[in-house]
Structure formats: structure tokens, C-alpha cells
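The values are calculated or read from the model by the stated rules, or taken from the named source; none is laboratory data. These numbers were taken from a predicted model, which means no experiment stands behind them. Methodologically, a virtual Cβ is constructed for each residue, glycine included, from the backbone with ideal geometry; neighbour enumeration extends over all protein chains shown. What goes into the accessible areas is simple: the full protein's heavy atoms, side chains included, and nothing from ligands, DNA or RNA. Shrake-Rupley method; radii C 1.70, N 1.55, O 1.52, S 1.80 Å.
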Amino acid sequence: MDPAGEIQKVASMRRGGSGSMWRRGDDVFSRSSRDEDDEEALRWAALERLPTHDRVRRAIVPLGLGDEAAAKGVVDVDVLSLGPPERRALLERLVRVADEDNERFLLKLKERVDRVGIDMPTIEVRFQNLDAEAEVRVGSSGLPSVLNSVVNTLEEAANALHILPSTKQTMPVLHDVSGIIKPRRMTLLLGPPGSGKTTLLLALAGRLDKDLKVKGKVTYNGHEMSEFVPERTAAYISQHDLHIGEMTVRETLAFSARCQGVGDRFDMLTELSRREKAANIKPDADIDAFMKARQEANVVTDYILKILGLDICADTMVGDEMLRGISGGQRKRVTTVSLRTVDYKTSEFRRNKALIKELSQAAPGSNDLHFPSKYSQSSFTQLMACLWKQNLSYWRNPPYNTVRFFFTTIIALLLGTIFWDLGGKVKTSQDLFNAMGSMYSAVLFIGIMNCTSVQPVVAVERTVFYRERAAGMYSAFPYAMGQVVIELPYALVQAILYGVIVYSMIGFEWTAAKFFWYLFFGYFTLLYFTFYGMMAVGLTPNYHIAAIVSSAFYAIWNLFSGFIIPRPKVPIWWRWYCYICPVAWTLYGLVVSQFGDNATPMDDGTLVMHFVEDYFDFKHSWLGWVATIVVAFTVLFASLFGFAIMKFNFQKR
């Protein structure tokens, strides 16, 4: 049965039999109002006859605002398919002025739920005899310097081997702290700098650093931290406003909504609808429509934008140090994305004895805090959300795209003019060295450029990732997978653009197989350089250290690539590194795919293919294995990036 069709059928039957045209004059003036009321009543009656699953998806809403709504009447709609104009009209009717109307709106929500006896879940947080201590260095050894860094690292290694005793001193951060945070209350935490406010908040959110020594107990409705997932119940909001600057305010909130999901709203709505039907209660139409529409993330986003005063900048980019965006106050509201409306009827001056007495009593009836997972959404949903965000971030980052595609073209044209038409000259061994030099240069220049350009972008996004993962929005795997997958099409476009220009200007042989192999090795070389740069960022505390580590490996890869020194001439005790050098395998594949089957005799009578095999130890029959190894390096670096993101956390709280 079609729910919408059934409701329309009942309403139309009522209008068709509305009575004779011969009525008294006063009936003529009041007939329209009565018909509209009767029509709305019939629509409600038809809605009540629907199965519960369909009933929680459909609502009776007016068409328009104010007088316009009275003129146009009402209509039943699928609330999950409301468009932007309909969502805005609904919110305007409920919360026209956020500061004035939102409290009345929330009271209406509460009254509807209370009327049928549904108890909304509440949480009471208790912390008792909480102690936290940190081992720190004091004096000159605690100053951040290169010398201290080296000395302290060596000392920690000696401490681990029990060679030297530790010189660190214990510093108390929290001492015997106890208290209760009541449900539906705002608790103000005050204290001077360095008094342990942040440490207490992190302890309550279950996010204390593992290096701290903690004693005492923190419970949520009587459950200790080990018995549930704190990230699904509490959130710690850092003082740092970390966002993707290229995303708008609306997109930032929408991404959060996609990751968080709707929780148990559907189950609550189902029970609410069932009880109202049993009690023959007709809810307020707009309240009913909003509560049902909250199953759709966009409605929640529009509501939060409205009540936080962010609707005026909803389509403005958040911005960062390099991109102009919203103001500092607006950015802070985007960070918190929390309701300002709270119950201020706190009891903020309780005597210490009374607090101790209450702490000695058992917690009130506890709600079930069990969640099957730390995250609200499935891994696939998280991945789709991360891909959506990454795509927006990449396309709206002009400096990043300019560096990649503009300089890709410039470097391709530069190399093409330097090695103009050298690819087809194979008369002497020097001709082969020149052609090989063009391949070597092409690989190294574009690969290093990709590696260095991706590192600052990933470093910034990793900082945002730490905050969002700590908030329970998504896990490390979808984020890392999203970063890897989003690079695939970008690198493909880059490889085709670069390969076509260089291949044609250098003058390599135009056959489908040879051109394919050139693009193949060029594409996967771009990928493994990119993923190597991302891996270096993932394994190091910041972008600067990652750049230093990457530069060191550039030199090593350059030395063992097989171009400066052919592999057979490398000393035997270093030759093993040639087999684990990815650039060496790329050069192997490029040279063999172009010249490994070339039977053209050179000036000295040696065939090109024999010279390549004898001098470089490159065999054309191994081309498939070479391609597999290059792909394996790509997968390896991408996997190590994912491993680093999952295992290491360099976030500064």
C-alpha cells in the first residue's frame, strides 16, 4: 500500500462530498476554514492508520509560512525527502528567532515526550578521590633543545635497560579530587593556569595520557570507564579550533552529522508514535514533523546552524591561516557545535560534607551505556563520509592543485626540451645512456615533487583527524583509506598529462604496448612517492621532521637507482639495497619495456637488447615481475601510512 496515495484518497473523498452549494451566507464565509480543519483531521486519521514504520516517516505540514500557509492548506510528506526550502520553512515556523523561540520549542519537545511517559536517558558523572601524577624533567634538562633531545633519548634508553636510574621527578597534577556532575546541569570549572583543569576534563572524558599515573574512580551512572565506550557518551572539546579550511560551515557540520548518525532516534520515535496512537493523542504538526525529520542529517545541520547563529555564514568557508574564512567566534562555535540551551537551575554551592555523604551513596538507577562499537556508523559509511570530505578539501585547495598540475606540465615541458628526440637514437651506448637519463630524470623530479607537495597537506589534515577520531566520529582505517583512494584519480590524471608530453617530446617508440608500460610505471611511481610522503608524515611528529627523513631517503634512492652506478658494479655488500630500492625497479621497468626487446644493432654490432641485459642486468622476460614489485611498493607505503595513523598519536592536547 502506498502511504501517500492512501492519505490523498481519503482527503479527496472528503472534499468531493462537502455538501450543497445552497447554504446561508455566514456558512459561505466559514466554510473554507471548516473544510481546511476537516481536511487536516482526515489526513491525521489516514496517517494514524499507517503501519508504524511508515508513520514515523510521514508528517502533516503546512505549505508556506504565516498567511501563505493558511491560504495553501496542509499536505502530508515524506519527511526524509524534504528539500532545502521545506526544511527552512519548517525551522522558521518553529524557531524564527533563536534566542527567543528555541526555549519554547525545546519545552514543546519535552512536553510531547513527557505526555506519553517516555523517560529520556540521563547521565550522572561521579569522580572520587581522583589523583594524577606525571614524571617530568626539571631544570635545564627540561628545556627544548637539540642537545637535551639527544641526551634525554639516550638516558631513557639507559633507563629501559636498567643501566641508569631515572632523573625525572614526580609532579602531582590532581590530588584527591571528588565531585558529582548532575544530569541536565551546567557545571562551571574554574581555576588558575596550571591547576589541572584540562587534566580533570580529560579524565572525565576518558582521554588521559597513558604516561600519567592515575588513581581514583570515574563512573557514568555507576559504570566505570572499562565497562562502556566513553567516546559515545562524552566529548572533550579542545581549545584549538582545528578544521579543514576549504570546507564551508554547513559542510563541516554535515560531515559531522554523517559520521555521528541519528543514534536511537528512530527507536524512540517508533515508541512515541505507538504510545500516542494508543492514547489517541494528536501531536503538534510542526513538532511532529521536526522530530521525524531529525532522522535526516541535513535537518539537524540546519537546526544547529540556526540556534548557534551560524546560518548567516553557513555557506562560507571555515578558512585557516592561508585562507580567509569565518571569524574567530564563529569558528569556536563550529568547534563546539553544542546547544547553548541548558538547565541553569543548579543547586553551582554544596557543602563539602554533603558532597562526601552523597558520594558514599550508590548512583541512581543507571541507564544502559553499552554500545556495540566505539563509532556510530559502519566502516563503509565512515569511508564514504571521509571520501566526500577529502574530495571537497582537494578541489578547494588551489595552491595544492596548482603545484601538482601546473608544475607537472612545466617539468614535463622542461624535460622534453632537454632530452628532445633522444628516445629513438640507439646507435651507440651513449645514446642509450642519454635515453635512460631522460627516464631517470622524469621519475625522480616528478616523484619528489609529489612527495614534498602532499606532506604539508596531510600534516594539517592529520591534526584535524586526531580531534575528530577522539570525538568518536570515525576510526583511523576509513580516514587512511580515504586519503589513499582520493589520490588514485589525481595521480592518474597527473601521470597521463606528464607521460603524454614527455613521451612524445623525447621521441620514444609509439606502440601501444610501450606507451602503456611507460604510463603504467609512471603512474605507480607517482603513487608510491605520494604514499611515501604520507607515510613519512604518519610516522613523525610534524611536517618538518617528515621532510628531513624524506630527503635522506631521496639521496639513498638516487644512489642505488642503477643509473649512477649500474647494479652489477655496486659492491656486493651493498647490492642488496638495490633490490629494496623502489626507484631502481621503476627504472628497470622503463628501460626494459622500451629497449629490452629491441633487436637493432648498434655501431659496434651489439644488439640493443643484449647491451641492456649485459650492462645493466635487465631482462625483458622479467617485465611482469618488475611491474608486480612496483605495485607492491605502492601497496606497502600506503599500508604503512595506514598503520602509522592507527598506531601513533602525535596530538598536543
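Does at least one position in region 492-506 carry a residue that is closer than 27 Å to Ser379 by Cα and surrounded by fewer than 24 Cβ atoms within 10 Å (Cβ to Cβ)? First the steps, then the outcome.
Filtering region 492-506 down to residues closer than 27 Å to Ser379 by Cα leaves 492.
With surrounded by fewer than 24 Cβ atoms within 10 Å (Cβ to Cβ) added as a condition, the list becomes 492.
Within region 492-506 (the criterion being closer than 27 Å to Ser379 by Cα and surrounded by fewer than 24 Cβ atoms within 10 Å (Cβ to Cβ)), the answer is yes, since at least one residue qualifies.
Does region 396-403 contain any residue that is over 23 Å from the mean Cα position of the chain (by Cα), in the same structural domain as Arg469 (by the TED database) and either at pLDDT below 85 or under 30 Å from Asp176 (Cα atoms) (or both)?
Filtering region 396-403 for residues over 23 Å from the mean Cα position of the chain (by Cα) gives 402-403.
If we keep only those that are in the same structural domain as Arg469 (by the TED database) too, we end up with 402-403.
From what's left, either at pLDDT below 85 or under 30 Å from Asp176 (Cα atoms) (or both): 402-403.
Yes, region 396-403 contains a residue that is over 23 Å from the mean Cα position of the chain (by Cα), in the same structural domain as Arg469 (by the TED database) and either at pLDDT below 85 or under 30 Å from Asp176 (Cα atoms) (or both).
Here's the yes/no breakdown for (1) farther than 25 Å from Lys217 by Cβ; (2) open to solvent by 80 Å² or more (accessible area, probe 1.4 Å); (3) among the hydroxyl-bearing types (Ser, Thr, Tyr):
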| position | (1), (2), (3) |
| --- | --- |
| Gln128 | no, no, no |
| Thr153 | yes, yes, yes |
| Gln169 | yes, yes, no |
| His175 | no, yes, no |
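When you go through Val125, Val146, Val97, Val113 one by one, which is the residue that is farther than 30 Å from Ile307 by Cα, aliphatic (A, V, I, L, M) and out of contact with any Lys or Arg (no Cβ under 6 Å at 6 or more places or on another chain)? Reasoning before the result, please.
On the way: Val125 fails: farther than 30 Å from Ile307 by Cα; Val97 fails: farther than 30 Å from Ile307 by Cα; Val113 fails: farther than 30 Å from Ile307 by Cα.
That would be Val146, the only listed residue that is farther than 30 Å from Ile307 by Cα, aliphatic (A, V, I, L, M) and out of contact with any Lys or Arg (no Cβ under 6 Å at 6 or more places or on another chain).
Please find, within region 582-607, the residue that is nearest to Cys451 (Cα to Cα) out of those that are in contact with a strand residue (DSSP E or B) (Cβ under 9 Å, 6 or more places away or on another chain) and not small (Gly, Ala, Ser). So that I can check it myself, show each step before the final result.
Residues of region 582-607 that are in contact with a strand residue (DSSP E or B) (Cβ under 9 Å, 6 or more places away or on another chain), as a first pass: 598-601, 607.
Remaining after also requiring not small (Gly, Ala, Ser): 598, 600-601, 607.
Details: Asn598: 34, Thr600: 38, Pro601: 39, Leu607: 38 Å.
Among those that are in contact with a strand residue (DSSP E or B) (Cβ under 9 Å, 6 or more places away or on another chain) and not small (Gly, Ala, Ser), it is Asn598.
Out of everything in region 270-321 that is buried (at least 21 other Cβ atoms within 10 Å of the Cβ) and basic (Lys, Arg), what residue ends up being modelled with the lowest pLDDT?
Here the residue is Lys292.
Assess whether Gly562 counts as being in the same structural domain as Asp431 (by the TED database), at pLDDT below 85 and buried (at least 23 other Cβ atoms within 10 Å of the Cβ). Outline the logic, then answer.
Values: in the same structural domain as Asp431 (by the TED database): yes; at pLDDT below 85: yes; buried (at least 23 other Cβ atoms within 10 Å of the Cβ): yes.
So Gly562 passes the test.
Of the numbered conditions (1) surrounded by fewer than 20 Cβ atoms within 10 Å (Cβ to Cβ); (2) polar (S, T, N, Q); (3) within 29 Å of the chain's Cα centre (by Cα), Thr252 fails exactly one; give the number of that condition.
(1)
Hey, does region 541-554 have a residue that's in a helix (DSSP H, G or I), among the polar types (S, T, N, Q), more than 30 Å from Ser149 (Cα to Cα) and open to solvent by less than 10 Å² (accessible area, probe 1.4 Å)? I'd like the intermediate steps shown before the answer.
Applying the first criterion (in a helix (DSSP H, G or I)) to region 541-554 yields 543-554.
Imposing the further condition that a residue be among the polar types (S, T, N, Q) reduces the set to 550-551.
Next, from what is left, pick out any that are more than 30 Å from Ser149 (Cα to Cα): none.
Taking every residue of region 541-554 in turn, none turns out to be in a helix (DSSP H, G or I), among the polar types (S, T, N, Q), more than 30 Å from Ser149 (Cα to Cα) and open to solvent by less than 10 Å² (accessible area, probe 1.4 Å).
Which one of these does Asp209 not meet: (1) open to solvent by 80 Å² or more (accessible area, probe 1.4 Å); (2) part of a loop (DSSP other than H, G, I, E, B)?
All conditions are met except number (1).
The conditions are (1) under 30 Å from Met291 (Cβ atoms); (2) assigned to a helix (DSSP H, G or I); (3) over 35 Å from the mean Cα position of the chain (by Cα), and Leu147 fails exactly one of them. Which is it?
Of everything listed in (1) under 30 Å from Met291 (Cβ atoms); (2) assigned to a helix (DSSP H, G or I); (3) over 35 Å from the mean Cα position of the chain (by Cα), Leu147 misses just condition (1).
Using beta carbons and a limit of 9 Å, which pairs, at least six apart or on different chains, have the first residue in region 587-605 and of a type in the set (S, T, N, Q) and the second one in a loop (DSSP other than H, G, I, E, B)?
As it stands, the answer is Gln594/Gly423; Gln594/Phe508; Gln594/Glu509; Asn598/Val426; Asn598/Glu509; Thr600/Val426; Thr600/Lys427, since those pairs meet every condition given.
Does region 438-467 hold any residues that are at pLDDT 85 or above, small (Gly, Ala, Ser) and closer than 26 Å to Ala599 by Cα, and which are they?
Ser438, Ser441
Six or more apart or on different chains, Cβ atoms under 8 Å: show the pairs whose first residue is in region 108-121 and open to solvent by 40 Å² or more (accessible area, probe 1.4 Å) and whose second is at pLDDT 85 or above.
Gly117/Arg275; Met120/Val113
Within the bounds of region 394-406, is there any residue that is of a type outside the set (A, V, I, L, M, F, W, C) and not in a helix (DSSP H, G or I)? Full working, then the answer.
If we filter region 394-406 for residues that are of a type outside the set (A, V, I, L, M, F, W, C), which is where we start, we get 394, 396-402, 404.
Now drop any that are not not in a helix (DSSP H, G or I), which leaves 396-397.
Yes, the conditions are met somewhere in region 394-406.
Of the numbered conditions (1) surrounded by 14 or more Cβ atoms within 10 Å (Cβ to Cβ); (2) in a helix (DSSP H, G or I), Gln651 satisfies every one except a single condition; which is it?
Going through the list (1) surrounded by 14 or more Cβ atoms within 10 Å (Cβ to Cβ); (2) in a helix (DSSP H, G or I), Gln651 breaks only (2).
Return the total of residues in region 394-418 being open to solvent by less than 40 Å² (accessible area, probe 1.4 Å) and of a type in the set (D, E, K, R).
Here the count works out to 1.
Working only within region 419-452, note down all residues that are over 20 Å from Ala491 (Cα atoms), of a type outside the set (Lys, Arg) and either in contact with a helix residue (DSSP H, G or I) (Cβ under 8 Å, 6 or more places away or on another chain) or open to solvent by less than 10 Å² (accessible area, probe 1.4 Å) (or both). Write out each step before concluding.
If we filter region 419-452 for residues that are over 20 Å from Ala491 (Cα atoms), which is where we start, we get 419-438.
Then drop every residue that is not of a type outside the set (Lys, Arg), which leaves 419-424, 426, 428-438.
Selection gives Phe419, Trp420, Asp421, Leu422, Gly423, Val426, Ser429, Leu432, Ala435, Met436, Gly437, Ser438.
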